Amino acid sequence: RAKKNISDNFEYFAPEIEEKTTWQLNMIRRLRNDFADRKLQLWFQPQVDLVTEQVVGVEGLLRWPDGDGGYISPAVFIPLAEYSGLIVDIGQWVLEESCRRIQQIKQNGYEELRVAVNISIPQFRDRCFVQKVKDALRNFDCQPSRLELEITESVVMDEPQIVIDALRTLKDHGVAIAIDDFGTGFSSMSYLQKLPLDRLKVDRSFVSDIKPGKSAVIVETIVTLGNKLGLSTIAEGVEKREQASYMIKLGCDEAQGYLFAKPMPFDELMVLLEEKGKTVNE
Ligand code: C2E
Ligand code: MG
Ligand code: MG
Ligand code: MG
């Protein structure tokens, strides 16, 4: 549909399209170079038990410095990394970096903590994906259950059989599986049965808008669905105390959001865990 409009107005739209493509190609080239120069970073955002507020896990999130003290948003560069295929190598690095951190976390005495990693569809299309995950775990001497893979509904819908097979094998190996941004994609409920899930991540859009009304019904239904399927549930993007209280009331288990902590470099995470540990012991 959009295509037809573009060709109808070809002369008018063409320069704009060309400009965007140049910008995209430029960004992809910069990303490739910066990745090769080891400039990408993996930050970590705590996930807490909603009742005790203890940190039970972290999600690894890519950070790409813009060379000017800031960062280019993953919302901008992940789609480009996927489109260009770079995500396969970058994702492999994220996986290895996560396993290296799991090892360090264990050495620092927090062996219970799990580390979640976002996985994109091109990674699943790589026939060696399952083996690569197993190798990363083994190379860093990780207990597989400390690693959690996060996939969105669109990843499942894109290649259902490949994704289901890969996840079943990894689940048998002990790896945990979470469904990310739940409720935003168009998924078939039947996949909830077929996927070997451990956790359901309630999308931020439902958590941030929980005044009485439709979104409250949706968030309540999602948490109930998760609970009834025997899955752990985690609320994404909790920014306010009321949101946390409301999620507790609904029976949600965990939360991840600015109210508790923003994504941070690994060293800061270690400081935070150290401080939390102290207050618990005192
Ligand atoms: P996601 O996996 O749903 O990650 C959660 C996003 O929500 C993160 O954005 C996080 O910083 C943000 N967030 C967490 N708590 C709050 C909150 O209280 N308020 C608000 N406003 N935002 C919150 P981020 O880091 O910008 O990442 C965006 C997306 O980029 C991720 O969404 C994920 O889809 C993708 N991404 C990031 N790192 C990776 C990666 O290593 N591999 C892949 N394939 N995708 C990644
Ligand atoms: Mg995620
Ligand atoms: Mg998410
Ligand atoms: Mg999201």
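In region 123-139, of all residues being touching a residue at least 40 places away in the same chain (Cβ under 8 Å) and crowded, with 19+ Cβ neighbours inside 10 Å, the one that is farthest from ligand 3 (Cβ to nearest atom) corresponds to A136. M270 satisfies every condition listed in (1) crowded, with 19+ Cβ neighbours inside 10 Å; (2) closer than 22 Å to W43 by Cβ except (1). Among the criteria (1) surrounded by fewer than 17 Cβ atoms within 10 Å (Cβ to Cβ); (2) modelled with pLDDT of 95 or more; (3) of a type in the set (V, I, T); (4) within 16 Å of ligand 4 (Cβ to nearest atom), the one I234 does not fulfil is (1). With respect to the conditions (1) within 16 Å of ligand 3 (Cβ to nearest atom); (2) modelled with pLDDT of 85 or more; (3) not aromatic (F, W, Y), H173 lacks only one, and its number is (1). Across region 43-83, the number of residues qualifying as under 16 Å from the mean Cα position of the chain (by Cα) and either closer than 30 Å to I248 by Cβ or of a type in the set (V, I, T) (or both) comes to 16. Put simply, of V88, V76 the only residue that is within 16 Å of ligand 4 (Cβ to nearest atom) and either in a loop (DSSP other than H, G, I, E, B) or farther than 30 Å from E112 by Cβ (or both) is V76.
L40 satisfies every condition listed in (1) away from ligand 2 (no atom under 16 Å from the Cβ); (2) under 17 Å from the mean Cα position of the chain (by Cα); (3) loosely packed, with under 14 Cβ neighbours inside 10 Å except (3). Of all residues in region 255-272, those that are of a type in the set (S, T, Y) have Cβ atoms under 9 Å from Cβ atoms of residues that are assigned to a loop (DSSP other than H, G, I, E, B), 6 or more apart or on another chain, in Y258/G237; Y258/V238; Y258/E239. Applying the criterion of at least 1 residues that are within 16 Å of ligand 4 (Cβ to nearest atom), among the acidic types (D, E) and closer than 22 Å to V58 by Cα to the helices (runs of 4 or more DSSP H) found wholly in region 95-181 leaves 153-158. Please determine whether any residue of region 125-146 is farther than 13 Å from L195 by Cβ, of a type outside the set (S, T, N, Q) and within 16 Å of ligand 2 (Cβ to nearest atom). No - not one qualifying residue is present in region 125-146. Across region 42-68, what is the number of residues that are without any contact (Cβ under 8 Å) to a residue 60 or more places away in the chain and aromatic (F, W, Y)? Summing the residues that are without any contact (Cβ under 8 Å) to a residue 60 or more places away in the chain and aromatic (F, W, Y) in region 42-68 gives 1. Candidates A116, A178, A166: the one that is more than 24 Å from E254 (Cβ to Cβ), crowded, with 17+ Cβ neighbours inside 10 Å and of a type outside the set (S, T, N, Q) is A166.
The values are calculated or read from the model by the stated rules, or taken from the named source; none is laboratory data. Predicted, not measured: the structure shown is a model, and the values here were computed from it. Here the Cβ is made from the backbone with ideal geometry for all residues, glycine too, and neighbour counts use every protein chain on show.
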